[in-house]
Each structure stands twice: as C-alpha cells, then as structure tokens.
Amino acid sequence: MVNEGWSAVCVEVDAELAEAAANFLVEEGAPGLVETDGADGRVRLEAAMPDAACARAADGLAAYLSRLAALHPAARPATIATAAWGVERSTNRPSMPQ
C-alpha cells in the first residue's frame, strides 16, 4: 500500500452558499470538514483530500459555485485555495494559508 500525500481545499463563501460548498467537497471525497465563521457573513471551510483529488476538487468547486452565482446574484465570489496538509500540534487542526 502506497502512503499518498494529502492536501487541503480551503474555501471562503457567503453563509448562504456554505452548505452547498460543504456538500460538494464531501461528494468529491473529503472525509470531513472544518467550518468556521468568518467576517461579514462569510464561512470558511477546510477539507483534507488525497493530493491526486485536491486540485480537481478545487477546480470543480469553483465551477459549481460560479453556476450557483446565477441563483444567488447578491453572493460575493468565493475564495478558494489549496495547500499542503499539515497539522499544528497545539490545535490538532490543519495549517492553512490565511
């Protein structure tokens, strides 16, 4: 068995689109999510995925959220980033770009 690396998809969206974004990431293979409230009604989602799936999931999420924007014209554009998965020992949470 090969020990593959993991990366994280991090997305910040308006609260009204957070559930749709979270569902998309789980459907793409994320075993779980970390959700935190951001500023100005935004929600930050972090999902770990195998390296091979991370970029594909981020690109797919961007396209999906673009299509949802037509249904939610007041929603601000999402911010999506990928990063190598690392865990901060003090919090046992992923270390992500801010």
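May I have the convex hull volume per residue, in Å³, for the Cα set of segment 19-72? Let's see the in-between values first.
Working: hull volume 4.3 nm³, N = 54.
Enclosed volume per residue, from the Cα hull, is 80 Å³.
E16 to D37: extension gain in nm, 0.36 nm per residue of separation minus the Cα-Cα distance? Provide the component values of the computation, followed by the final result.
Values: separation 21, 0.36 × 21 = 7.56 nm, distance 1.22 nm.
Contour length minus the Cα-Cα distance gives 6.3 nm.
Scan around W85 for amide H atoms under 5 Å from its own, H built in the peptide plane at 1.01 Å from N, and keep only partners 5 or more places away or cross-chain.
The answer is W6, S7, A8.
Laboratory data are not the source of any read-out in this text; all were calculated from the coordinates shown. Everything numeric in this text was worked out from a predicted model, so none of it was measured.
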